[in-house]
Amino acid sequence: MVARTVDLRSDTVTKPTETMRAAMATAEVDDDVLGADPTAFRLESEVAKITGKEAGLFVSSGTMGNLISVLVHCDIRGSEVILGDNSHIHIYENGGISTIGGVHPRPVKNNEDGTMDIDSIEVAIRDPRGELVFPTTKLICLENSHANSGGRCLSAEYTDRVGELAKKNGLKLHIDGARIFNASVALGVPVQRLVQAADSVSVCLSKGLGAPVGSVIVGSKSFITKARRLRKTLGGGMRQVGFICAAAFVALKENVEKLDGDHKKAKELAEGLTQIKGLKVDVAAVETNIIYVDIVEGSKITAEKLYKNLEEHGVLVMPKGLSRMRIVLHHQISSSDVHYTLSCFQQAFTGMRQEIGSYSISTSRDVSYA
């Protein structure tokens, strides 16, 4: 029997805190489709204020938030969006911008730090003189922090340059800010400054901040008016949604300050993993709460066996290919969980009893803990 569970698959796996549950139980609600839910409005207004935008709209997920934002900006079928080839919108959102919106993606190579070269973005912008045969470029999308690059952060200065390029060419800029608060804390720069150049931002509240459900998209009042209509079209209009927004508001108020601790624990775990022979981790690339771990070619243990071994000890990670895994820290992972996880990895590779912190693992798979 597994003595404990350390769930490192994602920061989406957190459970609602008691404070969140209490807020949900007592939330003041009304019909949000009719624009009358006071708790939803309070959350939307707060996120808009933090990001420095005019208005906000609660949506069920980051994917819905990104889809709605792209469709507002690309309101003519056959429009084109420039985005990273390794971005969440391009890879993990079911191709919704194309299948639902008729928007054509124009991928540009993401660098290891999550950026795209400014020159490459500019080259990707279609020449209006070719509109007879080309899609029409309408939008540029960035992602901050950049998940597939290991949670790397895009600087305000870089985003400004992309924003200037967009404005010069009559384009809009959308930021997928699923983990924008992680980027803000890691860089020591306010969220408002990081998204200053953006016309719209999708802010996820159910990742690092730990809310059970939801994102808020922000932008101008006219943008949000169009977004509200699209949300209804997509089936995202929810009635007494305030009880969900109440939990998200608690997350916004209580958990931002915990992100720095998540980042420090991620760095500690990464540094520990890199000491284990058979694993490779780029510690310098761990800027926020995401770690990518590679199994070195020629190691005695296969990825499949490693995942199984870890799971038997209650440590859950996310496979990302034949020899790579992703680990994500969140506010419900303690320092002792980090030590326990390191012990489990060490045991899987050596089969020997290891003492890390106050935890030990033996080859008999018995788990002892303080």
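The values are calculated or read from the model by the stated rules, or taken from the named source; none is laboratory data. Predicted, not measured: the structure shown is a model, and the values here were computed from it. Reconstructed Cβ throughout: ideal geometry from the backbone, glycine too, with neighbour counts over all protein chains shown. Only protein heavy atoms, including side chains, enter the accessible area calculation; ligands, DNA and RNA are left aside. Shrake-Rupley method; radii C 1.70, N 1.55, O 1.52, S 1.80 Å.
Charges at C-beta only: +1 for Lys and Arg, -1 for Asp and Glu. How large is the resulting dipole of segment 146-260 about its Cα centre, in Debye rounded to 20?
Charge dipole, segment 146-260, about its Cα centre: 600 debye, nearest 20.
For V6, nonlocal amide neighbours, meaning residues 5 or more places apart or on other chains whose placed amide H falls under 5 Å from its own, are V315, L316. Between the C-alpha center of segment 220-250 and that of segment 257-282 there is a gap of 36 Å. Ordering 6-13, 18-25, 203-210 by mean Cβ neighbour count within 10 Å, with the highest value first, yields 203-210, 6-13, 18-25.
Full extension of the chain between N94 and K253 yields a length gain of 54.1 nm, computed as 0.36 nm times the residue separation minus the alpha carbon distance. Dipole check for the chain: with +1 at the C-beta of Lys and Arg, -1 at the C-beta of Asp and Glu, and the Cα centre as origin, the magnitude is about 440 Debye.
Distances between placed amide hydrogens fall under 5 Å for E80 paired with H104, T136, T137, K138, L139, all partners being 5 or more residues away or on another chain. The mean of 1/r over all pairs of different alpha-carbon atoms in segment 97-139, once inverted, gives a Kirkwood hydrodynamic radius of 11.9 Å.
Based on alpha-carbon atoms, the Kirkwood radius and the radius of gyration of segment 255-350 give Rg/Rh equal to 0.95. Between the listed residues C245, P212, T233, the Cα displaced farthest toward the positive end of the dipole of segment 212-272, a dipole computed from Cβ unit charges relative to the Cα centre, is found at T233. Extension gain, R239 to Q275: 0.36 nm times the residue separation minus the Cα-Cα distance gives 7.8 nm. Per residue, segment 12-110 exposes an accessible area of 45 Å² to a 1.4 Å probe, with every protein chain left in place.
Computed from the coordinates I sent, semi-axes √(5λ) of the Cα gyration tensor in Å equals one of (i) 31, 24, 22; (ii) 37, 22, 18; (iii) 38, 26, 17. Tell me the label. Among (i) 31, 24, 22; (ii) 37, 22, 18; (iii) 38, 26, 17, the one derived from this structure is (iii). Here's the list of lysines a cross-link from K258 could span, going by alpha-carbon distance under 29 Å and ignoring same-chain residues fewer than 8 apart: K15, K49, K53, K207, K267, K280, K320. For the chain, the residue among T288, L173, A270 whose Cα projects farthest onto the positive side of the dipole built from Cβ charges is L173. Note on T302 and E18: the extension gain reaches 98.2 nm, defined as 0.36 nm multiplied by sequence separation minus the Cα-Cα distance. Run the accessible area of segment 255-350 with a 1.4 Å probe and give the carbon-and-sulfur part as a rounded percent. Looking at segment 255-350 in its full context, I get 50 percent from C and S.
Once Rh for segment 127-246 is found with the Kirkwood sum over Cα pairs, what is the Stokes-Einstein diffusion coefficient at 4 °C and 1.567 mPa s, in µm²/s? The calculation lands on 81 µm²/s. Charging the Cβ of each Asp and Glu at -1 and of each Lys and Arg at +1, and nothing else, the dipole of segment 27-114 about its Cα centre rounds to 400 debye. For segment 229-277, the fraction of alpha-carbon pairs lying more than 13 Å apart is 73 percent, rounded to a whole number.
The M318 and S45 beta-carbon pair, evaluated with R₀ = 41 Å, returns a calculated FRET efficiency of approximately 0.75. Taking the charge dipole of segment 18-254 about its Cα centre, with +1 at Lys and Arg Cβ atoms and -1 at Asp and Glu Cβ atoms, the residue from V185, C153, S98 reaching farthest to the positive side is S98.
Distance from the Cα centroid of segment 31-87 to that of segment 107-160 is 20 Å (rounded to whole angstrom).
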